[in-house]
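Here is the structure we will look at.
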Amino acid sequence: MNIAVIGATGTIGRAVSKLLRDEGHQVIKSSRNTNPPINIDSPDSIEQYYRQINSVDAVICAAGNASFGPLPQLSDKQFEIGLNSKLMGQVNVVRRGLEILEDPTTYILTSGMLSHSPWPGTSAVSMVNAGLESFVKAAALDLEDENRVCVVSPPLIKETARKMGRDPDPWPTASKTAQAYLKALESDTSGTTIYVEGYEPDGS
Ligand SMILES: NC(=O)c1ccc[n+]([C@@H]2O[C@H](COP(=O)([O-])OP(=O)(O)OC[C@H]3O[C@@H](n4cnc5c(N)ncnc54)[C@H](OP(=O)(O)O)[C@@H]3O)[C@@H](O)[C@H]2O)c1
């Protein structure tokens, strides 16, 4: 398959791109600093990017920013970052794709475990993750012509935990996490939240 990976130079996106290439897929590695560039915070940038790539079998988005911090200290601007980037950025990756891409496309977005297992200082990003999971559930009901949309909910990644100075031991590597994206790609599911094996929420 021909797959555009947005955020392909990041911790998750790099591992997803490698796994897909190892599986024999063609990967268009994309970010704000690639050619063509894409900035998901800007609907115009998404549009220009899609007009250049024209048609792909799947778009995987492992990009999008959101703010962390205790609720009493979070500013309006910090909430807006998550809403404009990680939430509406990824929603617009789907919306603009449906308008512009020529063939049926699978859209795989990224949320995160904080939607179901928040910890203190995560209200803004937890809200965004939950919004993405509800978005795909409902959006799938409106899709036609074999278009699909789902979201992968990664836990904290081992490499990221290390960078944050947290204990990396409980968490999966980016390469294990990439398997969840492959599962989303290879299944025929739509509207679902897909978890890394062994990191499903209690009761799912
Ligand atoms: N790492 C974790 O533990 C973890 C856990 C759960 C969920 N997540 C979510 O997974 C996603 C990726 O996380 P990550 O840790 O892999 O991030 P990362 O290492 O910081 O990499 C981010 C990637 O996205 C690109 N990017 C950033 N802003 C962008 C924008 N506005 N438009 C297009 N591309 C953009 C970056 O490249 P450029 O700078 O070149 O654009 C880079 O390729 C995030 O949404 C994060 O919330 C991460």
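The values are calculated or read from the model by the stated rules, or taken from the named source; none is laboratory data. Quick caveat: nothing in here was measured; it's all calculated off a predicted structure. All Cβ positions, glycine included, derive from the backbone under ideal geometry; neighbour counts span all protein chains shown.
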Fill in: Lone qualifier among Arg166, Arg162 - being of a type in the set (Lys, Arg), more than 9 Å from the ligand (Cβ to nearest atom), over 22 Å from Val16 (Cβ atoms) and without any contact (Cβ under 8 Å) to a residue 12 or more places away in the chain
Arg166
Worksheet item: Within segment 37-53, can you find the residues that are surrounded by 15 or more Cβ atoms within 10 Å (Cβ to Cβ), away from the ligand (no atom under 12 Å from the Cβ) and not hydrophobic (A, V, I, L, M, F, W, C)?
Response: Glu47, Gln48, Tyr50
Item to complete: Specify which of the listed residues (Val5, Val16) is within 11 Å of the ligand (Cβ to nearest atom), in contact (Cβ under 8 Å) with a residue 60 or more places away in the chain and under 13 Å from the mean Cα position of the chain (by Cα).
Response: Val16
Item to complete: Return yes when Asp142 is among the acidic types (Asp, Glu), over 23 Å from Ser85 (Cβ atoms) and touching a residue at least 24 places away in the same chain (Cβ under 8 Å) and no when it is not.
Response: no
Fill in: Every residue from segment 112-159 that is within 16 Å of Leu185 (Cα to Cα), of a type outside the set (D, E, K, R) and touching a helix residue (DSSP H, G or I) at 6+ places or on another chain (Cβ under 8 Å)
Asn147, Val149, Cys150, Val151, Val152, Ser153, Pro154
Practice prompt. State all residues of segment 144-186 that are in a loop (DSSP other than H, G, I, E, B) and among the hydroxyl-bearing types (Ser, Thr, Tyr); if no residue qualifies, say none.
Written response: Thr173
Item to complete: Hey, could you check segment 105-120 for residues that are within 12 Å of the ligand (Cβ to nearest atom), polar (S, T, N, Q) and in a loop (DSSP other than H, G, I, E, B) and say which is surrounded by the fewest Cβ atoms within 10 Å (Cβ to Cβ)?
Response: Ser117
Worksheet item: Any idea which of (1) surrounded by 23 or more Cβ atoms within 10 Å (Cβ to Cβ); (2) within 9 Å of the ligand (Cβ to nearest atom); (3) not small (Gly, Ala, Ser) is the one Thr34 doesn't satisfy?
Response: (1)
Discussion item. Can you confirm whether Arg21 is over 14 Å from the mean Cα position of the chain (by Cα), of a type in the set (Lys, Arg) and outside any helix (DSSP H, G or I)?
Written reply: no
Worksheet item: Looking at this structure, is Arg162 crowded, with 21+ Cβ neighbours inside 10 Å and at pLDDT 95 or above?
Response: no
Item to complete: Using the structure shown, decide if Gly64 is away from the ligand (no atom under 12 Å from the Cβ) and closer than 23 Å to Gly10 by Cα.
Response: no
Item to complete: Could you list, in sequence order, all residues of segment 54-67 that are crowded, with 16+ Cβ neighbours inside 10 Å and either over 19 Å from the mean Cα position of the chain (by Cα) or in a loop (DSSP other than H, G, I, E, B) (or both)?
Response: Val56, Asp57, Ala62, Ala63, Gly64, Ala66, Ser67
Practice prompt. Give the residues of segment 144-159 that are of a type in the set (S, T, N, Q) and surrounded by 21 or more Cβ atoms within 10 Å (Cβ to Cβ), sorted by residue number.
Written response: Ser153
Discussion item. Residues that are within 11 Å of the ligand (Cβ to nearest atom), crowded, with 22+ Cβ neighbours inside 10 Å and not β-branched (Val, Ile, Thr): does segment 128-143 have at least one?
Written reply: yes
